[in-house]
Amino acid sequence: MSNPSWITQVGAIELAVGALSGWVVWMATDTDWLKKIGVRSPRRIFQAHLDLIIMGVILIAVGTAAPDFPAPWSYFLVIGAWTNALLFLPAAWSDKKPTDLKAIVAQAVSFSLVSIGTVAFAVDLLTGG
């Protein structure tokens, strides 16, 4: 592949960040250290790690299958792929679902971006662009 699409490139970066975040997951097995920095839900760190990897692979697949996937759908998908994963991290410092309006709106927007982007990708791919 000589010139991968920008979506594939962003996906490769997200995949690499996800792989590197495995070090954080490994460090998160030290519950005493986590308690010292205020982490209440270490599982959220693991969820962010997995989601970074999964979303990175999704972006690589989309960018490979549809290198000319049009804007704004491609932007929706890329932004949503990053925010979906990273929004797990603030939740690590709480032991319940966020009730703050800003956090709820951020999650709703992020999920909406991924939902719209993936449906647009499927339509684009199935209709031949």
Of the residues in the range 62-74, those that are in contact (Cβ under 8 Å) with a residue 40 or more places away in the chain and surrounded by fewer than 16 Cβ atoms within 10 Å (Cβ to Cβ) come to 64, 65, 67, 68, 70
Being at negative phi and either in contact (Cβ under 8 Å) with a residue 24 or more places away in the chain or not in a helix (DSSP H, G or I) (or both) is the requirement here; does residue 104 meet it? no
Select from the range 24-46 the residues that are out of contact with any Ser or Thr (no Cβ under 9 Å at 6 or more places or on another chain) and not charged (D, E, K, R) and list them in ascending order. 24, 25, 26, 27, 28, 29, 31, 33, 34, 37, 38, 46
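So, in the range 77-129, of the ones that are small (Gly, Ala, Ser) and more than 30 Å from residue 27 (Cβ to Cβ), which residue ends up surrounded by the most Cβ atoms within 10 Å (Cβ to Cβ)?
Going through the qualifying residues, I end up with 117.
I'd like to know if the range 9-24 contains one or more residues that are within 23 Å of residue 71 (Cα to Cα), surrounded by fewer than 16 Cβ atoms within 10 Å (Cβ to Cβ), touching a residue at least 12 places away in the same chain (Cβ under 8 Å) and under 16 Å from the mean Cα position of the chain (by Cα).
Among the residues of the range 9-24, at least one is within 23 Å of residue 71 (Cα to Cα), surrounded by fewer than 16 Cβ atoms within 10 Å (Cβ to Cβ), touching a residue at least 12 places away in the same chain (Cβ under 8 Å) and under 16 Å from the mean Cα position of the chain (by Cα), which makes the answer yes.
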Any helices (runs of 4 or more DSSP H) falling wholly within the range 1-100 and containing at least 1 residues that are among the polar types (S, T, N, Q) and either closer than 21 Å to residue 123 by Cα or modelled with pLDDT under 90 (or both): 6-27, 31-36, 42-65, 73-86
Just name the residue that is farthest from residue 8 (Cα to Cα) out of those in the range 109-129 that are touching a helix residue (DSSP H, G or I) at 6+ places or on another chain (Cβ under 8 Å) and of a type in the set (Val, Ile, Thr). 109
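The values are calculated or read from the model by the stated rules, or taken from the named source; none is laboratory data. Values in this document were obtained by computation on a predicted structure and should not be read as measured data. When we count neighbours, we look across all protein chains shown, and the Cβ atoms used for this are built from the backbone with ideal geometry, even at glycine.
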